[in-house]
1. Give the Rg (one decimal place) followed by the Dmax (whole number) of the chain, computed from C-alpha coordinates and expressed in Å.
2. Quick one: 3J(HN,Hα) in Hz for region 141-149, Karplus 6.51/-1.76/1.60 with θ = phi - 60°, rounded, Gly and Pro as x.
3. For helix 269-279, what angle does its Cα long axis make with the longest principal axis of the chain, in degrees from 0 to 90 and rounded to 10?
4. Taking square-rooted eigenvalues a ≥ b ≥ c of the alpha carbon gyration tensor, is region 163-207 rounded, prolate or oblate, where a/c under 1.5 means rounded and, failing that, a/b exceeding b/c means prolate?
5. Averaging sequence separations of C-alpha pairs under 8 Å and six or more residues apart, then dividing by the length of the chain, give the relative contact order as a whole percent.
6. Kindly rank 32-39, 327-334 from highest to lowest mean number of other beta carbons found within 10 Å of each residue.
7. What's the percent breakdown of Cα-Cα distances in region 20-136 across 10 Å bins, shortest bin first?
8. Residues of region 204-337: accessible area per residue at 1.4 Å, in Å²?
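The values are calculated or read from the model by the stated rules, or taken from the named source; none is laboratory data. A quick note: this is a predicted structure, and the numbers were derived from the prediction, not measured. All Cβ positions, even for glycine, are placed from backbone atoms using ideal geometry, and neighbour counts span all protein chains on display. The accessibility values were calculated without ligands, DNA or RNA, using every heavy atom of the protein model including side chains. Shrake-Rupley method; radii C 1.70, N 1.55, O 1.52, S 1.80 Å.
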Amino acid sequence: MRPALAVGEALRARGATVTFAGSPDRVESQLVPEAGFEFDPFAISGFPRKPSVALLQALWRAGKAPFACRAILKHRQPDVVLGGGGYVAGPMVLAARLSRIPAALTEADAHLGLANRLAAPFASKLFLAYEIPGHAGKKVEIVGRPVPVAHLAGSRATGRERFGLPTDRPVLAIFGAYAGARSINEMAVAAWGTGTLALVHQTGERDFEAFRPRVDREGYVMIPSTDHFGELLHAADLAVSRAGGTVWELAAAGTPSILVPYPHATADHQTLNARHFERGGGAIVVPDSEIQSVPALVDELLADPERLARMRAAMLSMARVDAADRIAEGLIELAAR
């Protein structure tokens, strides 16, 4: 959702009127109004992998969704439609095609998801975060993943002050997923719950209450999440993280990273994401099955400032902080055709 909101911010800065549509049961129904955009809900859900009553219900919703989306388009009268990826986007892009409204798609991972593969023939433009084999040509543009403006803000000094971190020694940052990353959280508490290493550990909302009582020492800051993510990124000398969309925010902040891809991601796309930054020299990839090797690797990297400096420069060189602006400009051009 954050990439779509970043594009919305970029369009709004150009004077465009932007509204969102999506499932009332997903996080966008909360985040979109909080960001100051209007939100139109319609019923849609993902497809369970196995035959079941839930699968039949999902198919029923999918069949009805394009009609609901056409009603939204008739009400809003947009000049262009952007699908943000995932099963929510497909019916709206199809409805846009049926309504003769130009549409575009974004893909935030290094693998084109099923919904985007199905919707791509109905889109006039495809904005990719990474180069994806088999997807090139005039309608494809590699732009990186949009990063919210708020996540680009901050500095080492302001970040450390905000989170109560020391200014005179290295700081490690630990990031799981939005909900939580159990294996990373377990590893972090076991490795650094005692000791002297300064770190800030974002557990995710789901895991915070379970892990908070297990650590009680100075220099170990544990939070469920933060509205000041940019400052948190800049505060760290090194990060340990999953390899979803956060990798682009790590790159924008120039944060050297140890990436531990979620092992059950569709088509192993988090590993594909992570390898991109490893090839560029800004990150090291550790499979989840080898997560116990991370603490020794952290010690090795923090003891080598020159190597960290090279990784920081590499991350910055791969950052695409203009991704939201490039997509916004592309949408404006598409609307003008």
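1. For the chain, the Cα-based Rg and Dmax read 20.7, 62 Å.
2. 9, 8, 10, x, 9, x, 10, x, 4
3. 60 degrees
4. Oblate shape, in that a/c is at least 1.5 and b/c is the bigger or equal ratio.
5. Working: 634 pairs, mean separation 50.5, N = 337.
Answer for the chain is 15 percent.
6. Working: 32-39: 15.1, 327-334: 19.2.
Packing order, densest peptide first, comes out as 327-334, 32-39.
7. Spelled out per bin, shortest first, that is 14, 43, 35, 8.
8. Values: 5900 Å² over 134 residues.
Value returned for region 204-337: 44 Å² of accessible area per residue.
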